[in-house]
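Trainee: This is the structure I have questions about; it appears just below.
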Amino acid sequence: MNAIRPSAVPLVTVDPYFSVWSFADRLTDDHTRHWTGQRHGMVGLIRIDGSVFRFAGQVEPNAERYYPELPAMEQTGLRVTALSTFYTFEASGVRLDLRFASPLLLHDLDVLSRPASYLVLEAQSTDGRDHDVQIYFDVTGEWCVDRPQQRVLGERSDIGDLVSLKLGHEIQEPLNRSGDDHRIDWGYFYLNAEQDGGTTALLGTAALRKAFARGETLRAEDLSAAPRVVRDDQPVAALAFDCGSVNGEGTRRRIVFAYDDVYAMEYFGDRLEAYWKRGGMDARAMIEAAFAEHDALIERCDAFDRQLSEEASGSGGERYAELLALGYRQAIAAHKLVADAEGKLLFLSKECYSNGCLATVDVSYPSIPLFLLYAPELVEGMIRPIVKYARSGDWPFDFAPHDIGQYPLGSGQVYGENKLEYQMPVEESGNMLVMAASTCLAGGDREYILAQTDLWEAWVRYLIEYGLDPENQLCTDDFAGHLARNANLSVKAVMGIASFSILKRLQGDETEAQRYMDIARDMADKWSELADDGDHTKLAFGQDGTWSLKYNLIWDTLYGTGLFDPDMIRREVSWYKSKRNAYGTPLDSRADYTKSDWLVWAASLADDNADFSELVAPIGEMLSKTQDRVPFSDWTDTVTARQIGFQHRSVLGGLFMKLLKERGTMRFEPSRSTQAFSER
């Protein structure tokens with residue numbers, strides 16, 4: 001059992017379209033839902049010695065029409081790890097264990113990209129008696145439409161010793177539109193199981209649930225010819241397992257959820273398939289592979305869960321380890337992994353519940369600690385689309401873009417309609433330079449990164465000219481509005497220039513590397529004077545009595561560049577502790593809200609683990625107490641624990657910053673001591 005109550009529980013988490021959660025404490029308390037909150041229903045029923053109980057979802061799909069719901073099994077356990085969610089239920093002498101697992105193994109991109117997620121059900125007698133057990137499970141047509149008034153078709157097929165139930169929208173128009181609060185209505189959903197004498201697979205309507213509850217024969221319907229309206233007809237893909245007599249040894253059944261989106265992304269005129277298809281694999285082969293590799297993959301998932309839990313606990317404590325487990329699948333599932341027309345990796349994020357932007361730079365930047373730790377090539381896959389767009393001739397500015405479109409259509413920036421006043425010049429240029437340098441230091445493809453030096457140099461020139469004392473412009477925290485002389489943004493510029501120095505040194509150009517590091521050091525010294533406000537630093541230069549989380553300082557610590565005074569950083573950490581509310585330290589002095597990713601970055605500045613834990617523990621309290629039952633929101637109120645906005649965003653990869661710091665893989669120079677700083 002987790003100490004932190006998840007605000008929502010991950011069940012099937014693959015990509016921004018194929019992501020289904022429970023928004024309740026108990027799996028039987030509500031319908032399961034897409035991360036946007038739209039119902040994506042599943043129902044699980046179990047008959048024990050003739051008595052029927054629910055273990056997932058709700059039988060009656062229409063809330064306005066009365067139906068006495070079947071009694072729920074008692075949920076006796078819920079545990080969430082990085083890669084799996086475990087439920088335990090009990091009723092009438094039988095324990096039912098559920099494991100939802102999405103094998104998002106960052107060391108294995110083929111498996112990571114594969115749109116297959118598992119549900120394993122195990123029933124076991126707990127009272128020493130044998131029990132007659134049957135299990136029913138279905139998934140609704142809601143999983144393959146954007147709106148419930150749309151219609152679906154379905155068909156059953158056999159794949160060797162597997163049975164596969166297929167559902168899809170009646171009109172197949174891949175990549176027909178973009179959006180944020182938006183679900184896929186192209187491609188095909190597959191519900192799959194192993195065939196044996198006790199397995200029944202059939203397509204029909206939600207009436208199958210009531211037939212099972214009444215002990216009636218389950219009768220399939222033909223969904224292949226006449227399309228069914230999802231809201232009205234409630235089409236489902238259903239599996240029934242006759243487990244026979246269940247004793248203390250128990251019995252196990254495996255289900256695979258799969259989704260073939262046919263085309264995953266439009267990318268500067270090219271329609272791209274998902275990464276898993278690049279060698280010619282089709283849905284049938286993908287489903288077969290998912291079953292064939294199940295046991296081995298589950299072992300690998302368990303090994304990773306143990307490794308992450310042990311390392312994170314050692315780094316930041318058990319509560320920190322739980323936060324990483326709760327954020328891991330979400331951070332990955334907010335991306336789509338594809339290869340471009342030349343076969344190069346693209347790891348494209350969706351800016352979930354913000355504006356749906358595609359490959360947003362200031363969403364990628366906070367997410368990278370997770371990917372630098374385990375798969376730096378994925379950070380390269382975030383950099384590549386921005387580089388392509390910036391070089392396309394369609395980008396008119398001498399600083400880095402914000403995005404390349406709106407998910408899943410990438411043909412150029414949409415944020416702010418490309419008006420200059422809505423750009424984030426210092427923000428995105430600094431972000432891209434930090435991402436480039438950190439990717440190289442983490443083991444990414446230096447040849448590709450260094451081949452873009454002319455672009456990096458153009459952006460670093462912008463930072464040198466405008467970065468120390470930024471004009472009135474947006475930063476990544478754009479919800480707070482424009483701000484002139486933003487001290488945290490100025491730190492971003494300094495670390496962007498330092499990152500370019502690192503790139504030049506990796507090229508072997510020591511003279512230029514030293515020149516740029518000297519520029520960064522001079523800017524840092526000036527920053528220290530401008531930002532000083534006694535026992536803390538200012539939100540903006542010239543604004544006495546203000547403050548903000550200086551999360552961008554963490555790269556000075558990670559690189560070991562020693563550009564900023566360690567004593568100042570220690571004072572900052574003390575200040576953040578003094579400003580802590582019940583559910584976190586606010587982002588700055590203007591409001592009570594915070595960002596969980598930035599708070600962990602700021603806490604990671606601490607030398608003392610106790611200080612880190614004191615700053616980070618309120619995030620877990622927020623999740624446990626918030627009334628907003630949505631996938632992990634990164635923008636929340638530190639007084640009420642309420643969600644301000646955002647959910648299911650990739651920025652939770654930023655929670656891994658403390659772990660990245662402990663690994664020490666970003667260190668490029670021997671740390672400059674306090675004495676060395678004072679000598680300047």
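The values are calculated or read from the model by the stated rules, or taken from the named source; none is laboratory data. Keep in mind it's a predicted model, so treat the numbers as computed, not measured. Glycine also receives a Cβ, built like all others from the backbone with ideal geometry; neighbour counts cover every protein chain displayed.
Trainee: Would you pick out the residues in the range 635-664 that are in a strand (DSSP E or B) and within 18 Å of ARG5 (Cβ to Cβ)?
Mentor: THR636, ASP637, GLN643
Trainee: When the residues of the range 273-308 are filtered to those that are part of a loop (DSSP other than H, G, I, E, B) and more than 25 Å from the chain's Cα centre (by Cα), which remaining residue is surrounded by the most Cβ atoms within 10 Å (Cβ to Cβ)?
Mentor: Residue satisfying both the conditions and the ranking: MET281.
Trainee: Output yes when any residue across the range 156-165 is hydroxyl-bearing (Ser, Thr, Tyr), part of a strand (DSSP E or B) and surrounded by 19 or more Cβ atoms within 10 Å (Cβ to Cβ), and no when none is.
Mentor: yes
Trainee: Is there a residue in the range 255-266 that is in a loop (DSSP other than H, G, I, E, B), in contact with a Ser or Thr (Cβ under 8 Å, 6 or more places away or on another chain) and touching a residue at least 60 places away in the same chain (Cβ under 8 Å)? Quick ask: steps written out before the conclusion?
Mentor: Here is the first cut: in the range 255-266, the residues in a loop (DSSP other than H, G, I, E, B) are 261-264.
Next, from what is left, pick out any that are in contact with a Ser or Thr (Cβ under 8 Å, 6 or more places away or on another chain): none.
No, the range 255-266 contains no residue that is in a loop (DSSP other than H, G, I, E, B), in contact with a Ser or Thr (Cβ under 8 Å, 6 or more places away or on another chain) and touching a residue at least 60 places away in the same chain (Cβ under 8 Å).
Trainee: Right, next: Count, please, the residues in the range 401-434 that happen to be crowded, with 24+ Cβ neighbours inside 10 Å and more than 24 Å from the chain's Cα centre (by Cα).
Mentor: 2
Trainee: Hey, another quick one. Based on what the data block shows, is THR546 among the polar types (S, T, N, Q), surrounded by 21 or more Cβ atoms within 10 Å (Cβ to Cβ) and part of a loop (DSSP other than H, G, I, E, B)? Write out each step before concluding.
Mentor: Working: among the polar types (S, T, N, Q): yes; surrounded by 21 or more Cβ atoms within 10 Å (Cβ to Cβ): no; part of a loop (DSSP other than H, G, I, E, B): yes.
In short, no.
Trainee: Checking the condition outside the structural domain of TRP555 (by TED's automatic domain parsing) and either in a helix (DSSP H, G or I) or surrounded by 24 or more Cβ atoms within 10 Å (Cβ to Cβ) (or both), which residue from VAL363, VAL338, VAL387, VAL379 passes?
Mentor: VAL338
Trainee: For the range 344-351, check the following and say yes or no: at least one residue is basic (Lys, Arg), touching a residue at least 12 places away in the same chain (Cβ under 8 Å) and not in a loop (DSSP other than H, G, I, E, B).
Mentor: Yes, that holds for at least one residue.
Trainee: Something else now. What's the number of the condition ALA602 fails, among (1) in a loop (DSSP other than H, G, I, E, B); (2) under 24 Å from VAL361 (Cβ atoms)?
Mentor: ALA602 satisfies every listed condition except (1).
Trainee: Another one. Considering every residue within the range 467-479, establish whether at least one is under 21 Å from PHE347 (Cα atoms), in the same structural domain as HIS402 (by TED's automatic domain parsing) and at pLDDT below 95.
Mentor: Yes; the residues of the range 467-479 include at least one that is under 21 Å from PHE347 (Cα atoms), in the same structural domain as HIS402 (by TED's automatic domain parsing) and at pLDDT below 95.
Trainee: To continue, here is another question. What pairs come out if I take residues in the range 516-544 that are without any contact (Cβ under 8 Å) to a residue 60 or more places away in the chain and at positive phi and pair them with residues that are surrounded by 15 or more Cβ atoms within 10 Å (Cβ to Cβ) and not charged (D, E, K, R) whose C-beta lies under 9 Å away, six or more apart or interchain?
Mentor: GLY542/LEU530
Trainee: Next question, about the same structure. Would you be able to tell me the number of residues in the range 170-209 that are assigned to a strand (DSSP E or B), more than 22 Å from the chain's Cα centre (by Cα) and within 23 Å of GLY37 (Cα to Cα)?
Mentor: Qualifying residue count for the region: 4.
Trainee: Right, here's the next one. Tell me yes or no: at least one residue of the range 5-24 is surrounded by fewer than 19 Cβ atoms within 10 Å (Cβ to Cβ), at pLDDT 95 or above and in contact with a Lys or Arg (Cβ under 7 Å, 6 or more places away or on another chain).
Mentor: There is at least one residue in the range 5-24 that is surrounded by fewer than 19 Cβ atoms within 10 Å (Cβ to Cβ), at pLDDT 95 or above and in contact with a Lys or Arg (Cβ under 7 Å, 6 or more places away or on another chain).
Trainee: Still on this structure, please answer the following. Output the residues belonging to the range 122-148 that are closer than 19 Å to HIS31 by Cβ, assigned to a strand (DSSP E or B) and either touching a Cys at 6+ places or on another chain (Cβ under 6 Å) or not β-branched (Val, Ile, Thr) (or both).
Mentor: Listed by number, the residues that qualify are TYR136, PHE137, ASP138.
Trainee: Next question. Working only within the range 456-490, note down all residues that are out of contact with any helix residue (DSSP H, G or I) (no Cβ under 6 Å at 6 or more places or on another chain), aliphatic (A, V, I, L, M) and buried (at least 19 other Cβ atoms within 10 Å of the Cβ).
Mentor: Selection gives LEU474, LEU483.
Trainee: Name the single residue that is farthest from LEU78 (Cα to Cα) among those in the range 3-51 being of a type in the set (D, E, K, R) and within 20 Å of the chain's Cα centre (by Cα).
Mentor: Checked the range 3-51; the qualifying residue farthest from LEU78 (Cα to Cα) is ASP15.
Trainee: I'd like to verify a number: residues in the range 574-602 that are surrounded by fewer than 23 Cβ atoms within 10 Å (Cβ to Cβ), in contact (Cβ under 8 Å) with a residue 40 or more places away in the chain, within 14 Å of HIS536 (Cα to Cα) and not polar (S, T, N, Q), how many?
Mentor: So the answer is 1.
Trainee: Within the range 7-108, considering only strands (runs of 3 or more DSSP E) that don't extend past its boundaries, which have at least 3 residues that are of a type in the set (Gly, Ala, Ser)?
Mentor: Ranges flagged: none.
Trainee: For the range 504-526, indicate whether the set of residues that are over 27 Å from CYS440 (Cβ atoms), out of contact with any Asp or Glu (no Cβ under 7 Å at 6 or more places or on another chain) and assigned to a helix (DSSP H, G or I) is non-empty.
Mentor: Scanning the range 504-526 turns up at least one residue that is over 27 Å from CYS440 (Cβ atoms), out of contact with any Asp or Glu (no Cβ under 7 Å at 6 or more places or on another chain) and assigned to a helix (DSSP H, G or I).
Trainee: Right, next: Among the residues of the range 425-480, how many are β-branched (Val, Ile, Thr), closer than 23 Å to GLY560 by Cα and not in a helix (DSSP H, G or I)?
Mentor: Within the range 425-480, residues that are β-branched (Val, Ile, Thr), closer than 23 Å to GLY560 by Cα and not in a helix (DSSP H, G or I) number 0.
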